[in-house]
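Step one of this worksheet: look at the structure below.
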Amino acid sequence: MTGVSVEIHVTAAGAVIAALIAVLIGATIWWMLHPPTNEAERQAEEAETALEQLVGSIIVVFSKDIHSMHMMALAAKLARGEQSNLLALYVIEVPYTLPPDAEMAEEEREALEALAAAEVIANKANVDLRTETIKARSTSQAVLDVARQEQANLIIMGSYREDKYAGAPLGRAIETIATNAECDVLIGVEGKRGTLLVDETAERRDEPSSDTIV
């Protein structure tokens with residue numbers, strides 16, 4: 001049997017077409033191994049990245065009109081999970097009728113008590129807490145200044161609504177801080193029947209025993 005010789009002639013156009021086919025096949029295989037991320041997954045990744053970026057300074061604000069004790073437990077948990085620096089800041093607002101460094105015994109006592117309670121909460125969560133009391137003419141401006149100095153990533157504030165009225169304002173200082181802060185601001189308002197921000201164990205300790213005679 002006589003052997004048949006087959007000659008293959010490769011033209012430039014054929015080589016280009018073959019290369020394009022190889023590229024398309026490779027791209028298809030890569031796409032199959034790396035499917036596009038859907039919108040839900042993309043948003044979840046962005047939220048996780050934002051939370052990781054909270055590592056830094058977290059400030060919990062207290063004042064006569066800003067009641068944040070019910071937010072301390074949440075702040076401590078967040079600081080522990082993200083290994084953040086936690087600062088409890090109490091601002092004593094000094095009226096213009098008094099000198100800037102005037103002694104305000106009652107307000108200073110309230111500040112000490114609030115920050116002492118904040119330390120107890122932080123200790124229970126095994127979180128290091130710094131505390132600071134400052135006097136200022138404006139609570140909101142003092143908080144914004146400290147947040148800038150601390151390069152804060154998050155300001156946490158709590159408040160309550162008068163008589164639990166849902167339409168009651170949160171307070172001018174809170175609104176000013178939330179509007180002008182250069183970082184994220186978290187505001188927690190205790191709900192009428194909410195339990196997430198309530199220390200139920202403390203409430204049970206305060207409840208009278210069933211054996212108590214009234």
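The values are calculated or read from the model by the stated rules, or taken from the named source; none is laboratory data. Given the structure is predicted, the values throughout are model-derived calculations rather than measurements. Heads up, the Cβs are rebuilt from the backbone with ideal geometry, glycines too, and the neighbour counts pull from every protein chain shown.
Checked against (1) modelled with pLDDT of 70 or more; (2) surrounded by 13 or more Cβ atoms within 10 Å (Cβ to Cβ), I21 passes all but condition (2). Evaluate the following for A75: is it of a type outside the set (S, T, Y), more than 25 Å from the chain's Cα centre (by Cα) and either in a helix (DSSP H, G or I) or modelled with pLDDT of 75 or more (or both)? Here the answer is no, as A75 does not meet what is asked. For segment 93-113, the set of residues classified as crowded, with 20+ Cβ neighbours inside 10 Å and either touching a helix residue (DSSP H, G or I) at 6+ places or on another chain (Cβ under 8 Å) or closer than 17 Å to A147 by Cβ (or both) is empty.
Per-residue answers, yes or no, for (1) assigned to a helix (DSSP H, G or I); (2) at pLDDT below 90:
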| site | (1), (2) |
| --- | --- |
| D101 | no, yes |
| A116 | yes, no |
| V120 | yes, no |
| A142 | yes, no |
| V146 | yes, no |
| N153 | no, no |
| I174 | yes, yes |
| E182 | no, no |
| V198 | no, yes |
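Among the residues examined, A102 does not qualify as under 12 Å from the mean Cα position of the chain (by Cα) and aliphatic (A, V, I, L, M). Considering the conditions (1) modelled with pLDDT of 70 or more; (2) surrounded by fewer than 18 Cβ atoms within 10 Å (Cβ to Cβ); (3) aliphatic (A, V, I, L, M), A202 is excluded by exactly one of them, (1). Pairs meeting the criteria (first residue in segment 98-115 and under 16 Å from D65 (Cβ atoms), second residue among the aromatic types (F, W, Y), beta carbons under 7 Å, at least 6 apart or on different chains) are A111/Y90; A114/F62; A114/Y90. Picking from residues in segment 78-96 that are under 15 Å from the mean Cα position of the chain (by Cα) and modelled with pLDDT of 90 or more, the one that is nearest to R109 (Cα to Cα) is A88. Among the residues of segment 78-99, those that are out of contact with any Gly (no Cβ under 9 Å at 6 or more places or on another chain), within 18 Å of A125 (Cβ to Cβ) and either of a type in the set (G, A, S) or assigned to a loop (DSSP other than H, G, I, E, B) (or both) comprise A79, G81, Q83, A88. Looking only at residues in segment 139-154 that are within 12 Å of A173 (Cβ to Cβ) and not hydroxyl-bearing (S, T, Y), the one that is surrounded by the fewest Cβ atoms within 10 Å (Cβ to Cβ) is Q141.
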